[in-house]
Every structure is written in C-alpha cells, then in structure tokens.
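*Asks:* Attaching a single structure in structure tokens format; questions to follow.
Derivation of every value follows stated rules applied to the coordinates shown; laboratory data play no part. These numbers come from a predicted model, not from an experiment. Note: ideal-geometry Cβ built from the backbone for every residue, glycine included; neighbour counts use all protein chains shown.
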Amino acid sequence: GQLNIQFNNAGIARVAPLLETDEATWDAIMNVNAKGVLFCAQAAARQMITQGSGGRIINNASAAGK
C-alpha cells in the first residue's frame, strides 16, 4: 500500500513549576513533542515524494496548550 496520510499525535507533559523543571525533563518533553513530530514528518514526506502521488501530514496539538 501507499502512505497517503501521516497524523502526528504523540505528546508528553511533565507538570512542574518553572524553577523545578530540570534539563533532563525538558529534553524528554522536546524529544517527543518537537523532534518526534519533525522526524516523523520528514520520513513521511520522503515516502510520499518517492511514491509520486503526494499526501497529507497533519500535526495535532494538545488541549493542554490552552
């Protein structure tokens, strides 16, 4: 089959006061919420381009961002 749609929906959150958020926690959040989206979208785009039929990449944001 073909890859026609890629839906990014992964996300994590660690709720802590600003001054209690350490670098390891921040890195874990960014690895999933930012890098995960980027690298999955890149892989999907490469496949869609190779197929020659296009496709859609959808990024879903969390309600936690309100």
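*Asks:* Under 5 Å between amide H atoms, partner at least 5 residues away or on a different chain: which partners does ILE57 have, H built in plane at 1.01 Å?
*Replies:* GLN6
*Asks:* Would you kindly compute the Cα radius of gyration of the stretch 5-65 and its largest Cα-Cα separation (Dmax), both in Å?
*Replies:* 14.8, 49
*Asks:* For the chain, with the dipole built from +1 on Lys and Arg beta-carbon atoms and -1 on Asp and Glu ones, taken about the Cα centre, which of THR21, GLN47, VAL32 lies farthest toward the positive end?
*Replies:* Looking along the dipole axis, the top candidate is GLN47.
*Asks:* Using alpha-carbon pairs under 8 Å, 6+ residues apart, how would you state the relative contact order of the chain in percent?
*Replies:* Worked out over the chain, it gives 55 percent.
*Asks:* Once the Cα atoms of helix 36-51 and of the chain are each reduced to a long axis, what angle between those two axes, in degrees from 0 to 90 to the nearest 10, is obtained?
*Replies:* 0
*Asks:* Can you list residues whose amide H is under 5 Å from ILE12's amide H, if they're 5+ apart or on another chain and H is modeled 1.01 Å from N?
*Replies:* Residues meeting the amide H criterion: ASN33.
*Asks:* Run the quick spin-label model on GLN51 and ASN33: label points 7 Å from Cα toward the beta carbon, then report their separation in nm to one decimal.
*Replies:* Label at GLN51, label at ASN33, 3.0 nm between them.
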